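Only one structure is covered here, and it is reproduced in the block below.
We did not get these values from a lab; they are worked out from the coordinates using the rules stated. Keep in mind it's a predicted model, so treat the numbers as computed, not measured. Every residue, glycine as well, gets a Cβ built from its backbone with ideal geometry; the counts of neighbours run over all protein chains shown.
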């Protein structure tokens, strides 16, 4: 398999692992968790957090490490009303 496909499959596994980290529960302010996932035989593990800043504002961030030696990372925020 070529290097491009290997990196792509590993990146997909990393993105999926990030989505498996649970959100902060209602009434709580901080959640730290991990997730894992695989795609086409490539695996990744992720660690991340979600913080409720106010009743209306949440932030989230995380990083995933995959078997191909690459990292996937992300951050986001949402305002709810």
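Is segment 7-20 home to any residue that is over 16 Å from residue 79 (Cα atoms) and in contact with a helix residue (DSSP H, G or I) (Cβ under 6 Å, 6 or more places away or on another chain)?
No, every residue in segment 7-20 fails to be over 16 Å from residue 79 (Cα atoms) and in contact with a helix residue (DSSP H, G or I) (Cβ under 6 Å, 6 or more places away or on another chain).
Output the number of the condition that residue 36 fails; it satisfies all remaining conditions of (1) free of Cβ contacts under 8 Å to residues at least 12 places away in the same chain; (2) in contact with a strand residue (DSSP E or B) (Cβ under 8 Å, 6 or more places away or on another chain).
(1)
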